[in-house]
Structure formats: structure tokens, C-alpha cells
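J.: Here it is, the structure, as C-alpha cells.
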Amino acid sequence: MAAAALVAVVAGGLGIAACEALPSMSQVSPAAAPEPSRGPTRAPAARSGRTGKITYPATGSRKWRTAPASKQTGGEHGMLLRYRVVVESDIKGLAVRAFADAVTATLDDPRGWTADGSLRLRRVGPGQAYDFTIYLATPRTRDRLCASSTDAYTSCRNGDTVVLNVARWVKAVPGFGAPLATYRQYMVNHEVGHRLGHGHELCPGRGEPAPVMQQQTLGMHGCTANPWPYRQGKRYTATPGAYDDAVPAPDTGLR
Ligand SMILES: [Zn+2]
């Protein structure tokens, strides 16, 4: 049933926004925690909050686990949009709720899309009505969901389907110049930004923060990494447009 609904969304020809791509995927360090310290006398406190190693195949089964609802709603005023967060079952080493909470923390952040008081975002749980879905998908399932581009590398958005590629969640991208957590915030805000109607933008100048709708996955073009649509309480945008950046090779999974 879920699969049928999805096909309907894709086939319905809703707006497609191809999203990002990036440079080679081989070198970025995974989100997974490093091996535990071997030092016998030292408590592993610094690592204790990390998740284990995340693994995933290149092609998943398109079966999904849905996160529970969030207790609070992001934003205080304005139109309400409800979203689900789902994770493909083949992705291991990642708790669905922990992933969903990271997504929701980004969307609820005061620098996020709800900042101007015209929008509220609420994560709903299984069986509840929703306006769009945020998928964490394997690289080839990402292609199935996005339909437009089949690079198995970038994330994307297709109508009410917001797709975060687990390869990018785990590896980020070379040349981003900021921590993995920042890249994750960026990919969430960028793809949800498409769902909210925003198109791509260009780097406004060397050394300037990149607008969140710049395809920072594919190249910084002199800008510095920026995951937020609002800065110092103001909407941060730049000239509409996209670069003709090459997309790196398809991700082949992580075991
Ligand atoms: Zn995009």
C-alpha cells in the first residue's frame, strides 16, 4: 500500500527537483563512531553519545520504518505542514528515532524554515495524516523515489517525497569544509527547502556563506558552508541559478 502510494506520487508528475551531487565519496569519514579507544585507563566518554557504524547496501528493499511523532511543533505561527520521517529497513546501525530527532532538531531550529513565523512544521507518526515524507534511503532507492536523476549519489525531492541519501548522511561530501553534523543540517534544510518551493541559488561571492539553496553537495564555488535559511534572524538568499558541476560516481553501499 505504501509502495502503491509512492508510485502514484512519482507518476503524478509533481514537481521534480534534482538536488545535489558531490565530489568523490571515498574519502569523507563516515558518521559512524571510530573504533573504541584501546586505552584501558581512559573512559570512552567522548564517544559515548555516538551511534555505531552505519551500514547499507547500494540497493535497498524499499521497506520502511516510520519514526514516532515529535512531542513539539517547530515554529510558533503560520501554516502547519505535517511530515513523516521514514528509514529504509536495510540501513543498519542507525536508530530510526535518533535519525528523526536529528532531522526535527534541524527543522525546529530558530535559524530554520519556520523562523519568520509564517510556517510551522510537525513530525507525525505512523498512521497519522501528513503533507510530505522525509525518506532516508539507500542510493538506488533514492533513484527510484526521485525519478528525475539517477545518480545514486545526491539527495533529491520529488513532489511530496523528500529523499535524503544515506550515503551522504554517512559520508557528507569532500570539500564541504565543515563538520558532518553541519552537512546533515544542510541536506535536511536544502531538500525540505525544495518542498517549500525554493529553487537553487548561486554563491554570492568568495568567502561569503553559501545560501542553503546552493547545491553545496556539488561544489562550494568560493562560498563557505552554510546549512541555514536564516542568518541573524533574516532570510539569507542569493541569485537564483545552478552550476554545471559534475556528479561523482554512484555510491556502491557501505558494509
Ligand atoms: Zn537541490
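A short reminder: the numbers here are calculations on the coordinates, not readings from a lab. Just so it is clear, the model here is predicted, and its values are computed rather than measured. No Cβ is skipped: glycine too gets one built from the backbone with ideal geometry, and neighbour counts run over all protein chains shown.
J.: Out of the residues in region 167-197 that are out of contact with any helix residue (DSSP H, G or I) (no Cβ under 7 Å at 6 or more places or on another chain) and among the small types (Gly, Ala, Ser), which is nearest to the ligand (Cβ to nearest atom)? Talk me through it step by step, then tell me what you get.
T.: In the first step, residues of region 167-197 are kept if they are out of contact with any helix residue (DSSP H, G or I) (no Cβ under 7 Å at 6 or more places or on another chain); the result is 170-171, 174-175, 177-183, 186, 190-191, 193-197.
Subset that is among the small types (Gly, Ala, Ser): 175, 177-178, 181, 193, 197.
Values: Gly175: 17, Gly177: 19, Ala178: 18, Ala181: 20, Gly193: 8, Gly197: 12 Å.
Among residues in region 167-197 that are out of contact with any helix residue (DSSP H, G or I) (no Cβ under 7 Å at 6 or more places or on another chain) and among the small types (Gly, Ala, Ser), the one nearest to the ligand (Cβ to nearest atom) is Gly193.
J.: Considering region 188-213 alone, what residues qualify as being of a type in the set (Lys, Arg) and over 16 Å from Leu119 (Cα atoms)?
T.: If we filter region 188-213 for residues that are of a type in the set (Lys, Arg), which is where we start, we get 195, 206.
Within region 188-213, Arg206 is the sole residue that qualifies.
J.: For a quick check of your reading of the model, give me the residue pairs whose first member lies in region 148-164 and is charged (D, E, K, R), whose second is in a strand (DSSP E or B), with beta-carbon atoms closer than 8 Å and at least 6 apart or on different chains.
T.: If the second residue must be in a strand (DSSP E or B), the pairs left are Arg157/Ile16; Arg157/Ala17; Arg157/Val163; Asp160/Phe132; Asp160/Thr133.
J.: Sticking with this structure for a sec: Need the failing condition index for Leu218 against (1) outside any helix (DSSP H, G or I); (2) crowded, with 18+ Cβ neighbours inside 10 Å; (3) more than 16 Å from the ligand (Cβ to nearest atom), just the number.
T.: Leu218 satisfies all of (1) outside any helix (DSSP H, G or I); (2) crowded, with 18+ Cβ neighbours inside 10 Å; (3) more than 16 Å from the ligand (Cβ to nearest atom) except (3).
J.: Now for a different question. Select from region 135-166 the residues that are among the basic types (Lys, Arg) and away from the ligand (no atom under 15 Å from the Cβ) and list them in ascending order. Spell out the reasoning first.
T.: Our first condition is that a residue be among the basic types (Lys, Arg); within region 135-166, this holds for 140, 142, 144, 157.
Within region 135-166, Arg140, Arg144 qualify.
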